[in-house]
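Below is one structure; the comments refer to it alone.
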Amino acid sequence: MEGNPKLIETLNALLADELAAINQYIVHAEMCEDWGYGKLHKSFEKRAIDEMRHAEKLIGRILFLGGRPTVSKLSDIHIGKDVPKQVEFDRASEEGAIKAYNDAIVLAGEVRDYATRDILIQILNDEDRHMDELEELLDQIEQMTLPMFLTTQVD
């Protein structure tokens, strides 16, 4: 099937975001593991795996539409030097993803590719959940103070 070139370009841009998120989240996960925060490690690692699944869906859809997935370009990656910075950088990444997916969903509707739109909506729902989880962590850090919060993250 030959897909809309602008939509394929947009899917590749989303793919670049997902590939960057995978790297950012896995580095944050491993840093937390190194610091002894096993619960945070698992949380960040799970988010990285979700992003891998998103990348897989995008690659599959790009191929289905007759495009060529671009996996050599990544969006910017921001590694936090401490847990609050990590969570804030991850929240900013999710905020950008939510905007990008909403824009892509509109485009898919405009070019009448409703199957792609449905896939994008599924991914958007995951990104909304990620945002909720990250905002919850930021709220806990603020309410508990960082030292108390970190004591709850040791496995």
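Each row is one residue, and each column tells you yes or no for (1) at pLDDT below 95; (2) more than 17 Å from F44 (Cβ to Cβ); (3) among the hydroxyl-bearing types (S, T, Y); (4) surrounded by fewer than 19 Cβ atoms within 10 Å (Cβ to Cβ).
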{"residue": "I77", "(1), (2), (3), (4)": "no, no, no, yes"}
{"residue": "K81", "(1), (2), (3), (4)": "no, no, no, yes"}
{"residue": "S93", "(1), (2), (3), (4)": "no, no, yes, no"}
{"residue": "I98", "(1), (2), (3), (4)": "no, yes, no, yes"}
{"residue": "D118", "(1), (2), (3), (4)": "no, yes, no, yes"}
{"residue": "I121", "(1), (2), (3), (4)": "no, yes, no, yes"}
{"residue": "H130", "(1), (2), (3), (4)": "no, no, no, no"}
Mind listing whichever residues of the stretch 104-126 are touching a residue at least 40 places away in the same chain (Cβ under 8 Å) and either among the charged types (D, E, K, R) or in contact with an Asp or Glu (Cβ under 9 Å, 6 or more places away or on another chain) (or both)?
L107, A108, D113, I123, D126
Is it the case that Y37 is over 25 Å from D155 (Cα atoms) and not aliphatic (A, V, I, L, M)?
no
When H78 is run through (1) more than 16 Å from the chain's Cα centre (by Cα); (2) assigned to a loop (DSSP other than H, G, I, E, B), the failure sits at (1)
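Please work out which residue is farthest from D17 (Cα to Cα), limiting yourself to the stretch 101-155 and to residues that are of a type in the set (D, E) and in a loop (DSSP other than H, G, I, E, B). Walk me through it before giving the result.
Looking only at the stretch 101-155, we keep the residues that are of a type in the set (D, E), and these are 103, 110, 113, 118, 126-128, 132-133, 135-136, 139, 142, 155.
Next, only the ones that are in a loop (DSSP other than H, G, I, E, B) stay: 113, 155.
Values: D113: 21, D155: 30 Å.
Among residues in the stretch 101-155 that are of a type in the set (D, E) and in a loop (DSSP other than H, G, I, E, B), the one farthest from D17 (Cα to Cα) is D155.
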Can you go through I62, I49 and tell me which one is assigned to a helix (DSSP H, G or I), touching a Lys or Arg at 6+ places or on another chain (Cβ under 9 Å), modelled with pLDDT of 95 or more and more than 17 Å from G80 (Cβ to Cβ)?
I62
Which ones in the stretch 54-96 are touching a residue at least 12 places away in the same chain (Cβ under 8 Å), under 30 Å from D34 (Cα atoms) and among the charged types (D, E, K, R)?
K73, D76, E88, D90, R91, E94, E95
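The values are calculated or read from the model by the stated rules, or taken from the named source; none is laboratory data. Treat the numbers as computed from the prediction; the structure is a model and nothing was measured. Virtual Cβ from ideal backbone geometry, glycine too; neighbours counted across all protein chains shown.
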